[in-house]
Amino acid sequence: MQKRLEDIYRETGPDLLAYFRRFHGPAPVADDLLQDTFLRALRKPDRVFAAASPRAYLFGIARHLSIDALRRRPPPTETLTDAFAAEPRADADPRLDTLRQAITRLPAEQREVLELRLRHEMSYEELAVALEIPIGTVRSRLHFALRRLRESLSRDPQI
């Protein structure tokens, strides 16, 4: 059992850490939340192993821990636009800034499901487990997020 948990940690840990760093920064908070995620999983390892996707199950735990941590801390001084901004590269497509801005204007639920799908390459089934919503809701949120992005980008003359 310990070997299986170690394998899951090696496979899922980096993605979970990236998820935490995205919302909590590279500070020790992200590392602590990663450890808390696996501590919770260790309390009931049977649930992890019984899950159709242990990765999705752990992302669900991570999401709850992240929300709790965000509720306990003062609001960040960084704006959402800054969070999506990357260091500009010389060969970067200038349309990426427009896309990032359009993403920041999406409703939170649509933005969350889109991010997990694109950044963490989660399947619809994994998204449903992690977000604790029906798979139809996952599909709906992704559909409307993409539709809003298309509409927003089609109005931009630079695209």
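In whole Hz, with x marking every Gly and Pro, tabulate ³J(HN,Hα) for segment 110-117 from phi via Karplus 6.51 cos²θ - 1.76 cosθ + 1.60, θ = phi - 60°.
With coefficients 6.51, -1.76 and 1.60, one gets 5, 5, 5, 5, 5, 5, 4, 5 Hz.
Using the crude model of +1 on Lys and Arg Cβ and -1 on Asp and Glu Cβ, and no other charge, please compute the dipole size for the chain relative to its Cα centre, in debye to 20.
It comes to approximately 420 debye.
Each residue of segment 39-55 in order: what ³J(HN,Hα) in whole Hz does its phi give by Karplus 6.51 cos²θ - 1.76 cosθ + 1.60, θ = phi - 60°, with x for Gly and Pro?
5, 5, 5, 5, 5, 9, x, 4, 5, 5, 6, 7, 5, 4, 9, x, 4
Any idea what angle helix 95-104 forms with the longest principal axis of the chain, computed on alpha-carbon atoms, 0 to 90 degrees, nearest 10?
60
How far apart, in nm, are the 7 Å Cα→Cβ label points at Ala108 and Arg95?
Computed distance between label sites Ala108 and Arg95 equals 3.2 nm.
Over what distance in Å are the Cα centres of segment 6-32 and segment 103-156 separated?
Comparing the Cα centres of segment 6-32 and segment 103-156, I get a distance of 21 Å.
Can you work out the FRET efficiency for the pair Leu146 and Glu11, with r the C-beta to C-beta distance and R0 = 30 Å, to the nearest 0.05?
On the way: r = 28 Å, r/R0 = 0.95.
The value I calculate is 0.60.
Of all GluC sites (Glu not before Pro) in segment 91-159, which ones are in loop regions per DSSP and have a Cβ with at most 15 other Cβ atoms within 10 Å?
Glu121, Glu132
Taking the Cα centre as origin and putting +1 on Lys and Arg beta-carbons and -1 on Asp and Glu beta-carbons, what dipole magnitude results for segment 1-77, to the nearest 20 debye?
On the way: 14 positive and 9 negative charges, 46 e Å.
Taking the Cα centre of segment 1-77 as origin, the dipole is about 220 debye.
Read-outs throughout are calculated quantities, based only on the coordinates presented, and are distinct from any laboratory measurement. Being a predicted model, the structure only gives us computed values, none of them experimental. Neighbour counts run over all protein chains shown; Cβ positions are idealised from the backbone, glycine included.
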